[in-house]
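Each remark here refers to the structure printed beneath this line.
Where a number appears in this text, it was derived from the coordinates with a stated rule and is not lab data. Keep in mind the model is a prediction, meaning the values are calculated, not measured. Glycine also receives a Cβ, built like all others from the backbone with ideal geometry; neighbour counts cover every protein chain displayed.
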Amino acid sequence: MNSLQTYFLNNQDNAIHKWLHYFDIYDLWFKKYKNKQIIILEIGVYQGGSLKMWREYFGENAKIYAIDINPDCKQFESPNTKIFIGSQEDRDFLREVRAQIPEIDILVDDGGHTMQQQIITFEELYPHLKFGGIYLCEDLHTSYWKIYGGGYQKPGTFIEFSKGLIDSLHAWHSKDPDLKVDSITSSAYGLHYYDSILVIEKKKITPPKSEIRGNIIIPIDNFPPPNLPKEKKNSFLFSKALQIRNFIKRFSFYKK
């Protein structure tokens, strides 16, 4: 059991409401930031309990910011913890927050969980996440709950929106004019799905490259594409042979 779950299970202070399997996911992605000078933004303050939990976990060097729509949450501010009051669905408000805080190392979206809230928050605040940072959106099961605007494969849910992020991550390889390299392609190193959580690793991404190192042992005519029509097979093999020959000649200095 990690220290976050231990804190939660022993909590007698301000209330915290979490699914129990979240704590292993938090610890997996957040432990490298412990006791470092980092910037954290949490959407959704609730009773202020999670802010105290993050402080205990990350240490006094962390600067914590939070957003909630309820003005009563302002009482949970403390040294090195600042709370902004406003709606995460309000783009102008989120832009004001973004202008007042440094770039973020960790963002946890545990806000209202409606589809527009999750999507707008991502669109406005992901660009303010540092390279090397973590964006974590939780309670994604609301994408399947009608009361939150969700539904199975319903257009406009955060789950369906995030499927577009998967396409963007692979846009380097696309030949389709409708899928082009964008800001997600060049910054999303990984999309990690768990029950009700999506974790996005942000890094500077350059176009992927492949190489051949070593000697070609098996004749290339053993590797035509599956189900290639017979009339196209000869032309494919010829072009493939030229491609590999030129590649090997170009990188021949790699051979031992």
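In order along region 129-139, the phi-based Karplus estimate (6.51 cos²θ - 1.76 cosθ + 1.60, θ = phi - 60°) of 3J(HN,Hα) comes to 7, 5, 5, x, x, 10, 10, 10, 10, 10, 6 Hz; Gly and Pro are listed as x.
With 30 Å as the limit on Cα-Cα distance, the pairs of K154/K175; K63/K180; K36/K146 that go past it are K63/K180; K36/K146.
Electrostatic tally near N11: other residues with Cβ closer than 11 Å to its Cβ, Lys and Arg +1, Asp and Glu -1, net 0. Ranking T185, A62, Q116 by how far each Cα lies toward the positive end of the dipole of the chain (charges on Cβ) leaves T185 at the top. Each Lys and Arg adds +1 at its Cβ and each Asp and Glu adds -1 at its Cβ; summed about the Cα centre, region 140-222 shows a dipole of about 220 debye.
Farthest toward the positive end of the dipole of the chain, out of W29, I40, P155, is the Cα of W29, where the dipole comes from beta carbon charges about the Cα centre.
Summing Lys and Arg as +1 and Asp and Glu as -1 over all other residues whose Cβ lies under 12 Å from the Cβ of F158 gives a net charge of -3. Taking amide H as placed 1.01 Å from N in the peptide plane, the amide H of E42 sits under 5 Å from that of Y65, A66, I67, V108, each at least 5 places away or on another chain. By the scheme Lys and Arg +1, Asp and Glu -1, what is the net charge of all other residues having a beta-carbon under 12 Å from that of I85? Computed value for this residue: -3. Loop-resident trypsin sites (Lys or Arg not before Pro) (DSSP state other than H, G, I, E or B) in region 89-155 with no more than 11 further Cβ atoms inside 10 Å of their Cβ are absent. The H on the amide N of I197, modeled in the peptide plane, is under 5 Å from the matching H of L140, each at least 5 residues off or on a different chain.
Run the Debye formula on the Cα coordinates of the chain, all scatterers equal and no solvent, and tell me log10 I(q)/I(0) at q = 0.07, 0.10 1/Å. Computed log10 I(q)/I(0) values: -0.36, -0.62.
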